[in-house]
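The values are calculated or read from the model by the stated rules, or taken from the named source; none is laboratory data. If you're wondering where the values come from, they're calculated on a predicted model, not measured in any experiment. Cβ atoms come from the backbone with ideal geometry, glycine included; neighbour counts cover every protein chain shown. Just so you know, the surface numbers come from the protein's heavy atoms only, side chains and all, with ligands and any DNA or RNA stripped out. Shrake-Rupley method; radii C 1.70, N 1.55, O 1.52, S 1.80 Å.
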Amino acid sequence: MITETASAGPKDAQPSTRARNEAMLALLPFSDRQDFEDVSRGLVEAASTEAIRRPNGFPIWDLGAYSFQDAPTAPATVNPSLWRQAQLNRVAGLFEVTDRVYQLRGMDISNITVVEGDTGIIVIDPFISTETATAAMDLYRRHRGDRRVVAVIYTHSHVDHYGGVRALVSDDDITSGRVKIYAPSGFLENAVSENVFAGTAMSRRSHFQYGIFLPRNERGQVDIGLGKAVSSGTITLIPPTDLIDKTGTRLTIDGVDLEFQMTPGTEAPAEMNFYFPQFRALCAAENATHTLHNLLTLRGAEVRDAKAWSAYLNETIDLFADRTDVVFASHHWPVWGSDRIRGYLEDIRDAYQYLHDQTLRLINHGLTPMEIAETLTELPPGLADKWYLRGYYGSISHGVRAIYQRYLGFYDGNPAHLNPHQPTEAGRRYVDLAGGPDALLDKARAAYADGDYRWVAELVDHLVFTDPTNTAARELQADALEQLGYQCENGTWRSLYLSGAHELRNGVFHGVELTVATPDTIRAMSLDLYFDYLGIRLNADKAAKLPTRTLNWEFTDTDQTYAVTVRHAALTYRAGRGLPDPDATITLTRALLDQISIGDTTFEQAINNGALRIDGDPAALTELLGCLDEFHVMFNIVEP
């Protein structure tokens, strides 16, 4: 991590921040300790607090870094509600959920659930990283024996639910049929496309959302609401062997019966709940957790469907609630007892329906996204004080804006907002309007003294984008973002604000580039997705200078043919047939293409060693390759 100097380090909470955080104590039922009982129920052994590190010392996972959260009272720099959630998420280890169902929690952002079959184990959602998954499964096996993995289930298509899979099974396990991997229909396409098409930008934004480079202390990263943090180890992916595509599907795996419910478009484009009738246990995937969830994750993704989410939870209640004694999810701790479970699921259902319907009501009254966010600030009585509906990971504010985006897009209807100046040009004009940099800073400092940090952040942002070398502007902007972060109940909002402050003071961190577009992800791309991504990388300014180019691609090991056309700076393709008179025909294997994609070799090397053959004009390929952009993760966010 970046070494901070005293002048560049975080500052203390200002009086207005202290007052705002203290006021939270009177708003919520902090005397309710049910979650603290539930989070420790069934503990078999606590997780180690020793850090798991990369060879260069960068921490992959460090539970021990959160020892400062032993303090029972929230410091002034942390919202008390978030502090409470942070303490709950810090309870980590191996837990017995019910007979033959165990969870490994607090050892990554997500949970691993282990269901014991007749001869082996079914593993649900194997974390983000192989390193954390290995540590978790070692802990399980110390107490439950070295049971073989007979099946893996991915509940949905996000990386924290499949990335550690190679810690559990190998390719040989799959090809031999010893292990099956089950996933919802659409899993692979969504998992791969989300992490590749916009993967560079998403990875960079996730650094801010998760506070990856922030110090773990009361002035830095304390929690992300959904868990302590994200691990930063080796991300892997083994494609599923069996897809579940219909609600009501029933399977028996190693003597364990399962009933599936498909929930696409809820927390992920491909997601499913499932029920274990023998154990009266329901896995709610990520559709029911102990936080109001995202309708649009701030790292960036497709907008989720609040209406569908509510409807699927309604179906979940009808299908399983009366038969369920415990509901567990891919994050957080379970809920026990049929009465509590029904209320829990109904409340979450009602919350998403409320946000959906009230946002649409206000849309139809003509309110803009920010006006709606300022109007709908709380859930209604009966929901607002439920801890599992507090905005620790999602929030009402960005949730209602996501619903607006889903229905009406980015434009709020005001023509003045249709084509505004880009930030640097707008910034120059605002600085001139304020009377120059010094006058703008004087006004911003007065707003800071009044505790109006939102206005400071908006105002000084213009000066930073006009002149990123203005040290006074950077420092004041960092101070304002920091106070906003200290006030946040939402763990990701806190990390976003504090990460912005950190980079304004210390610059962009270039020690580790964390990305989700890993070799396994690239190998899992279908050829359709590969050529889609090739088009995304096509630099239009360069490609516009090319004549129309046509290339047939022949893959000898998979017997697939693709016809690719580059015309008018756009790359299009047709699968399953070639063009009759292409400029060039490229013959190679899919395995070679994977090697090129992950950087083990290059097109030029493959041509020179004969692994790739070009019939026709070689320039058709070399010119195309010369028009492809390379994406770099650590781009600027809080400065131009």
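The number of residues in the range 561-600 that are of a type in the set (V, I, T) and either surrounded by fewer than 16 Cβ atoms within 10 Å (Cβ to Cβ) or over 21 Å from A543 (Cβ atoms) (or both) comes to 5.
The one condition from (1) under 24 Å from the mean Cα position of the chain (by Cα); (2) more than 24 Å from Q103 (Cβ to Cβ); (3) surrounded by fewer than 24 Cβ atoms within 10 Å (Cβ to Cβ) that R349 does not meet is (2). Only a single item in (1) open to solvent by 60 Å² or more (accessible area, probe 1.4 Å); (2) over 25 Å from the mean Cα position of the chain (by Cα); (3) among the aromatic types (F, W, Y) is not met by F603, and it is number (1). Each residue in the range 105-138 was checked for being open to solvent by 30 Å² or more (accessible area, probe 1.4 Å) and part of a helix (DSSP H, G or I), and 4 pass.
Take D339 and decide whether it is touching a Leu at 6+ places or on another chain (Cβ under 9 Å), open to solvent by 10 Å² or more (accessible area, probe 1.4 Å) and among the acidic types (D, E). So D339 does not fit the description; no. For the residues R141, R147, the requirement of being surrounded by fewer than 24 Cβ atoms within 10 Å (Cβ to Cβ) and either outside any helix (DSSP H, G or I) or touching a Pro at 6+ places or on another chain (Cβ under 8 Å) (or both) singles out R147. Can you confirm whether the range 16-34 contains a residue that is over 30 Å from G145 (Cβ atoms) and among the aromatic types (F, W, Y)? Looking through the range 16-34, at least one residue is over 30 Å from G145 (Cβ atoms) and among the aromatic types (F, W, Y). Within the range 619-640, the only residue that satisfies the criterion of being in a helix (DSSP H, G or I), surrounded by fewer than 17 Cβ atoms within 10 Å (Cβ to Cβ) and among the small types (G, A, S) is A619.
Among the numbered conditions (1) surrounded by fewer than 21 Cβ atoms within 10 Å (Cβ to Cβ); (2) out of contact with any Leu (no Cβ under 7 Å at 6 or more places or on another chain); (3) of a type outside the set (K, R); (4) farther than 30 Å from N506 by Cβ, the only one that V256 does not meet is (1).
Do you know which residues across the range 442-481 are within 20 Å of V508 (Cβ to Cβ), surrounded by fewer than 21 Cβ atoms within 10 Å (Cβ to Cβ), of a type in the set (D, E) and out of contact with any Pro (no Cβ under 8 Å at 6 or more places or on another chain)? Of everything in the range 442-481, just one residue is within 20 Å of V508 (Cβ to Cβ), surrounded by fewer than 21 Cβ atoms within 10 Å (Cβ to Cβ), of a type in the set (D, E) and out of contact with any Pro (no Cβ under 8 Å at 6 or more places or on another chain), namely E475. Candidates are the residues of the range 306-318 that are crowded, with 20+ Cβ neighbours inside 10 Å and not small (G, A, S); the one that is farthest from R401 (Cα to Cα) is T316. For the range 28-72, the tally of residues that are in a strand (DSSP E or B), within 19 Å of M137 (Cα to Cα) and either under 28 Å from the mean Cα position of the chain (by Cα) or without any contact (Cβ under 8 Å) to a residue 60 or more places away in the chain (or both) stands at 6. Taking the range 280-303 as the range and being closer than 23 Å to W493 by Cα, touching a Lys or Arg at 6+ places or on another chain (Cβ under 8 Å), open to solvent by 10 Å² or more (accessible area, probe 1.4 Å) and not hydrophobic (A, V, I, L, M, F, W, C) as the test, the residues that pass are R299, G300.
The residues on offer are I586, I596, and the sole one that is over 30 Å from A457 (Cα atoms), among the β-branched types (V, I, T) and not in a helix (DSSP H, G or I) is I586.
Under 16 Å from A86 (Cα atoms) and touching an Asp or Glu at 6+ places or on another chain (Cβ under 9 Å), is that true of D62? So D62 fits the description; yes.
Exactly one residue among L527, L551 is under 30 Å from G163 (Cα atoms), touching a strand residue (DSSP E or B) at 6+ places or on another chain (Cβ under 9 Å) and touching a residue at least 60 places away in the same chain (Cβ under 8 Å), and that residue is L527. Scanning the range 406-416 for residues that are within 22 Å of V303 (Cα to Cα) and either without any contact (Cβ under 8 Å) to a residue 60 or more places away in the chain or exposed (fewer than 11 other Cβ atoms within 10 Å of the Cβ) (or both) yields Y407, L408, G409, F410, Y411, D412, G413.
Could you tell me which of the residues V327, V400 is within 25 Å of I224 (Cβ to Cβ), assigned to a helix (DSSP H, G or I) and open to solvent by less than 10 Å² (accessible area, probe 1.4 Å)?
One residue alone meets the criteria, V400.
The residue that is surrounded by the most Cβ atoms within 10 Å (Cβ to Cβ), among those in the range 46-82 that are hydroxyl-bearing (S, T, Y) and within 28 Å of G233 (Cα to Cα), is Y66. Screening T241 on (1) under 23 Å from the mean Cα position of the chain (by Cα); (2) of a type outside the set (K, R); (3) open to solvent by 30 Å² or more (accessible area, probe 1.4 Å) shows it passes everything except condition (1).
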